[in-house]
Amino acid sequence: MIQTQCCVVGGGPAGLMLGCLLARSGVKVIVLEKHGDFFRDFRGDTIHPSTLELLYELGQLDAFRSQVPHQEYPSLKVVLDGHVFDGPDFTTLPTHCKFMAIAPQWDFLNFLAEYASKFETFQLMMNTEAKDLVFENGEIVGVKAIHDGEEYEIRADLVVAADGRSSRLRTQADLHVQEIGVPIDVLWYHLPKTMEDPQGHVLGRVGNGQMMVTIDRGDYFQCGTVIGKGKLNQIQADGLEAFREKVVQLAPFLEEATKSIKSWDQVKLLSVQINRLDEWARPGFLCIGDSAHAMSPAGGVGVNMAIQDAVATTNLLAEKLREGKVTLDDLHLVQLRREKPVKFIQKIQAFAHAKIFNPNEGFRAKGVGMWIFRWMIFFMANPVRRRMARMIGLGPLPEHIETAEYHS
């Protein structure tokens, strides 16, 4: 049996950031990651100005910018019916980095793990899958995990589930998920960079009843085509050639690159969800990040919200964990702090999907939703761009690191 003060399940942005910050605060923490590396296709790439500000507060911003391959976007652009428009402008934000960074998440997670490893109370166990919660006298006191085929029992004063939107631990803890209907899914695929995007760094493209994103990852583009939920079979029945043609309609410069798609095995389905837990905690147990609230890809805010959860959790619980005095009331404070911004962003996302994207018609060319969207694009004055940048780049309640580095 292994004993620690906090066991974090899941080595994504929420879990690794939490483990890092807790260890920095002097808490003994073990982070469990079921895979042998951090390489996943569906991991978000956006690193918001608020997250970059946290790296500055940790003294790690210069290291990030020099060590992690990334692109910096002072503003976001969108192409609407072939015309390029400037979107959110991050250059006026009250942060040290006045841009949004796009970086492969696996590189960012490796960077966090390396930084966390400098703290002697931090332990990262790769290839370790948490299978079951351990209950004792009605409280959760640890997890049973499998590492290299061997079962371990890890006892902890607090177990934190950061194991994603399909969290098995929250199910075992009997926490109810409130689903918010989303009419979209995303088809996710790589295209080789046969040429640069002639329209510059564009993230979103809208036209011909379709919407897609293109993320420049150096030698290839990570692309996502938005489809109506449940429409994959119909799209596959239309054939790969029809799919490639629709990509080219929105991004003509990718015509040669689309020829690299030879099979539907190269096109992955990302099922979009918006949901949140009614309660985030049980005695000895807490959910954060996607385990507590799944966000839509709209705005790319999921990673930012997860990291903000980790910061708030550390600010509220680090001292109590060091002293071994965490109560259920303490855990409820995390939800009280973070639930309001989560609900606010989810409400905006749900509105955008309901009013702009019609699952039966694709991206609406008519109707109130598209009229609002077109008005925002064509008449986007600087004050509107700044407000949008603040909402996307910082969020409604940006967190700051309030704990000092602990020295025994």
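The values are calculated or read from the model by the stated rules, or taken from the named source; none is laboratory data. In this text, all values refer to a predicted model and were calculated from it rather than measured experimentally. Cβ atoms come from the backbone with ideal geometry, glycine included; neighbour counts cover every protein chain shown.
A count restricted to the range 316-330 and to residues that are within 16 Å of THR4 (Cβ to Cβ) and of a type outside the set (Lys, Arg) stands at 6. Condition first: of a type outside the set (Gly, Ala, Ser) and within 19 Å of the chain's Cα centre (by Cα). Can you find one or more residues in the range 59-67 that meet it? Taking every residue of the range 59-67 in turn, at least one turns out to be of a type outside the set (Gly, Ala, Ser) and within 19 Å of the chain's Cα centre (by Cα). Note on the range 168-216: enclosed strands (runs of 3 or more DSSP E) holding 1 or more residues that are free of Cβ contacts under 8 Å to residues at least 60 places away in the same chain are 210-216. Checked against the criterion of being free of Cβ contacts under 8 Å to residues at least 24 places away in the same chain and in the same structural domain as LEU58 (by TED's automatic domain parsing), the candidates LEU277, LEU286, LEU316 yield just one match: LEU316. Considering only residues that are in a loop (DSSP other than H, G, I, E, B) and out of contact with any Leu (no Cβ under 8 Å at 6 or more places or on another chain), look in the range 81-98 and name the one that is surrounded by the most Cβ atoms within 10 Å (Cβ to Cβ). Ranking the candidates gives LYS98 first. Say whether the condition of being outside any helix (DSSP H, G or I), at pLDDT below 60, surrounded by fewer than 18 Cβ atoms within 10 Å (Cβ to Cβ) and acidic (Asp, Glu) is met by at least one residue in the range 356-364. There is at least one residue in the range 356-364 that is outside any helix (DSSP H, G or I), at pLDDT below 60, surrounded by fewer than 18 Cβ atoms within 10 Å (Cβ to Cβ) and acidic (Asp, Glu).
So which residues in the range 216-243 are of a type in the set (Ser, Thr, Tyr) and surrounded by fewer than 18 Cβ atoms within 10 Å (Cβ to Cβ)? TYR220, the sole residue that qualifies. State whether one or more residues within the range 290-302 are in a helix (DSSP H, G or I), closer than 30 Å to LEU21 by Cα and modelled with pLDDT of 95 or more. Scanning the range 290-302 turns up at least one residue that is in a helix (DSSP H, G or I), closer than 30 Å to LEU21 by Cα and modelled with pLDDT of 95 or more.
Among the candidates PRO13, PRO74, PRO49, the residue that is of a type outside the set (Ser, Thr, Tyr), outside the structural domain of VAL303 (by TED's automatic domain parsing) and in contact (Cβ under 8 Å) with a residue 12 or more places away in the chain is uniquely PRO74.
Please verify whether the range 374-388 includes one or more residues that are within 29 Å of ALA173 (Cβ to Cβ) and either at pLDDT below 95 or within 25 Å of the chain's Cα centre (by Cα) (or both). No, the conditions are met nowhere in the range 374-388.
Would you confirm whether or not the range 103-118 contains a residue that is aliphatic (A, V, I, L, M) and assigned to a strand (DSSP E or B)? No, the range 103-118 has no match at all.
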